[in-house]
Amino acid sequence: MRYLKWCIASLSLYTLFTLVAWFIDEIGWKKGVTEGNYQVYANLLSNIQFPIKVLLGMDDVINYNFRLLPYMMGAICWIFMAILFCRLKTSTHH
């Protein structure tokens, strides 16, 4: 049950970061800024998605686009980190 709790919390935080990144990008588009600071901030906030997109050749740092595949790959990374954190936390208590 502990693993499930940490995985859900981790995935929720990751999804929140992704939604905020998308929102920042939308603000930039509405202000007429299609490349630049807003997109860089969105890429930094989307954290693990950005390196995945770069490795897959999808985007660069001055363009933010939500893509499902990097999001899902990032979600797997966040879930893996939550499980690892939970295991480390358990091993330090024993």
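Observations
- Sequence ranges 22-33, 62-73, ranked by mean other-Cβ count within 10 angstrom, highest first: 62-73, 22-33
- Counted as membrane-span-like here are DSSP H helices of the chain whose alpha-carbon atoms extend 24 Å or more along the helix's own axis and whose Kyte-Doolittle mean is 0.5 or above; these are 2-30, 68-93.
- Proximal lysines relative to Lys5, as straight alpha-carbon distance under 20 Å, when same-chain residues fewer than 8 apart are discounted: Lys89
- Accessible area expressed per residue, the chain, with surrounding protein chains retained (probe 1.4 Å, Å²): 67
- Computed lengthening from Asn37 to Ser91, 0.36 nm per intervening residue step minus Cα-Cα distance: 15.2 nm
- For the chain, alpha-carbon Rg relative to the globular expectation (2.2 N^0.38 Å, N residues): 1.25
- Dipole of the chain, positive direction: furthest Cα of Ile79, Phe17, Trp6, with charges on the beta-carbon: Trp6
- Residues whose amide H comes within less than 5 Å of that of Asn65, counting only those at least five positions distant or on another chain, are absent (H built at 1.01 Å from N in the peptide plane).
- Within the accessible area of segment 1-75 (1.4 Å probe), percent carbon and sulfur: 72
The values are calculated or read from the model by the stated rules, or taken from the named source; none is laboratory data. Computed from a prediction, not measured in an experiment: that's the story for all the values here. Positions of Cβ are backbone-derived with ideal geometry, glycine not excepted, and every protein chain shown enters the neighbour counts. The protein model used for the area step is the full one, side chains on, heavy atoms only, and it has no ligands, DNA or RNA in it. Shrake-Rupley method; radii C 1.70, N 1.55, O 1.52, S 1.80 Å.
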